[in-house]
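Just so you know, all these numbers are worked out from the coordinates, no wet-lab data involved. Treat the numbers as computed from the prediction; the structure is a model and nothing was measured. Here the Cβ is made from the backbone with ideal geometry for all residues, glycine too, and neighbour counts use every protein chain on show.
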Amino acid sequence: MNVLEIKDNEFENIIKNTKGIVLVDCYADWCGPCKMMQPIIDELAREITTCKFFKINVDDAEQTSEKYNIMSIPTLLLFKDGKLETQLVGLKSKDELINIINNI
């Protein structure tokens, strides 16, 4: 599955209406660690079919950034059935993310 880019005005609706586990990569184009995280997220999206993957550019997502208090990036938001389960800040390894997803 591909990582789908979502916009600020559709974020809540997508999260609320997507069943199961959802990982949202909150990033910015200028962010070095975000660029390092992107291939890991892309790989996970191809390998893990029990999770849906989205990304949102925080520079264009003031509402979402404020609601989830995103002060540092990359930030990963993990939801299950529309409910926020965990929020991770900073670069994470593929293995760390697999463990976190499997434990949700």
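You can think of it this way: the chain between Lys7 and Met36 has 8.3 nm of extra reach, that is 0.36 nm per residue less the Cα-Cα gap. When you restrict to C-alpha pairs under 8 Å that are six or more residues apart and normalise by the size of the range 14-104, the relative contact order lands at 40 percent.
Placing unit charges on the Cβ atoms only, positive for Lys and Arg and negative for Asp and Glu, gives the chain a dipole magnitude near 340 debye about its Cα centre. Give the Debye-formula value of log10 I(q)/I(0) at each listed q (0.35 Å⁻¹), with one equal scatterer per alpha carbon of the range 1-42, two decimals each. Rounded to two decimals, the profile gives -1.28. Altogether, the Stokes-Einstein calculation at 20 °C and 1.002 mPa s, with the Kirkwood radius of the chain over Cα pairs as Rh, returns a diffusion coefficient of 159 µm²/s. Taking label positions 7 Å along the Cα-Cβ direction at both Asn69 and Leu91, the computed distance is 2.6 nm, reported to one decimal.
Annotation: extensible slack from Glu43 through Asn102 equals 19.7 nm (criterion: 0.36 nm per residue apart, minus Cα-Cα distance).
Dividing the summed helix terms, -39500 (n - 2.57) for each DSSP H run of n ≥ 4, by the number of residues in the chain produces a 222 nm estimate of -10500 deg cm²/dmol to the nearest 500.
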